[in-house]
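Enquirer: This is the structure, below, for whatever I ask next.
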Amino acid sequence: VDNDYDPEETQSGDPRGASSDHGTHVAGTVAANGTIKGVAPGATLLAYRVLGPGGSGTTENVIAGIGRAVQDGADVMNLSLGNSVNNPDWA
């Protein structure tokens, strides 16, 4: 997305869109391995940012992220995406 290979979510104060930290929260729930354990504390996480600042994006970018995860050998994928459109033709 945006020719930016950093998967970091939109930071507070970014003029391009609302801040987001949902993906980071989900990653901790899955793989936390400190005092608090996630549901799979031994998991290795791969991160792909397929939505732009503020969480907007295209179906093409979502599909490209899925393809890259498959290419990189992911066993399980969690796509925690939100949209005001609930249509099976939109990723």
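The values are calculated or read from the model by the stated rules, or taken from the named source; none is laboratory data. For clarity, every value in this text was computed on a predicted model and none was experimentally measured. FYI the Cβ positions are ideal-geometry reconstructions off the backbone, even for glycines, and counts take in every protein chain you see.
Enquirer: From the set of residues in the range 48-62 that are out of contact with any Leu (no Cβ under 9 Å at 6 or more places or on another chain) and not in a loop (DSSP other than H, G, I, E, B), which is farthest from Tyr5 (Cα to Cα)?
Expert: Thr59
Enquirer: Moving on. Just for the range 30-42: of the residues that are of a type outside the set (A, V, I, L, M, F, W, C) and exposed (fewer than 14 other Cβ atoms within 10 Å of the Cβ), which one is farthest from Leu81 (Cα to Cα)?
Expert: Thr35
Enquirer: Filter the range 45-64 for residues that are farther than 17 Å from Ser20 by Cα and touching a helix residue (DSSP H, G or I) at 6+ places or on another chain (Cβ under 8 Å) and give the result.
Expert: Within the range 45-64, Leu45, Leu46 qualify.
Enquirer: Please verify whether the range 43-52 includes one or more residues that are out of contact with any strand residue (DSSP E or B) (no Cβ under 6 Å at 6 or more places or on another chain), more than 24 Å from Asp14 (Cβ to Cβ), free of Cβ contacts under 8 Å to residues at least 24 places away in the same chain and hydroxyl-bearing (Ser, Thr, Tyr).
Expert: Yes, there is a match, as at least one residue in the range 43-52 is out of contact with any strand residue (DSSP E or B) (no Cβ under 6 Å at 6 or more places or on another chain), more than 24 Å from Asp14 (Cβ to Cβ), free of Cβ contacts under 8 Å to residues at least 24 places away in the same chain and hydroxyl-bearing (Ser, Thr, Tyr).
Enquirer: Can you spot a residue in the range 65-78 that is part of a loop (DSSP other than H, G, I, E, B), at pLDDT 85 or above and among the charged types (D, E, K, R)?
Expert: Looking through the range 65-78, at least one residue is part of a loop (DSSP other than H, G, I, E, B), at pLDDT 85 or above and among the charged types (D, E, K, R).
Enquirer: Name the one entry in Thr44, Thr29, Thr24, Thr59 that is under 19 Å from Met77 (Cα atoms), hydroxyl-bearing (Ser, Thr, Tyr) and touching a Gly at 6+ places or on another chain (Cβ under 8 Å).
Expert: The unique qualifying residue is Thr29.
Enquirer: I would also like to ask the following. Identify all residues within the range 20-42 that are part of a loop (DSSP other than H, G, I, E, B) and touching a residue at least 24 places away in the same chain (Cβ under 8 Å); write none if there are none. Please lay out each step first, then the result.
Expert: We begin by selecting, within the range 20-42, every residue part of a loop (DSSP other than H, G, I, E, B); these are 20-21, 32, 34-36, 38-42.
If the condition is that a residue be part of a loop (DSSP other than H, G, I, E, B) and touching a residue at least 24 places away in the same chain (Cβ under 8 Å), then Ser20 is the only one that fits.
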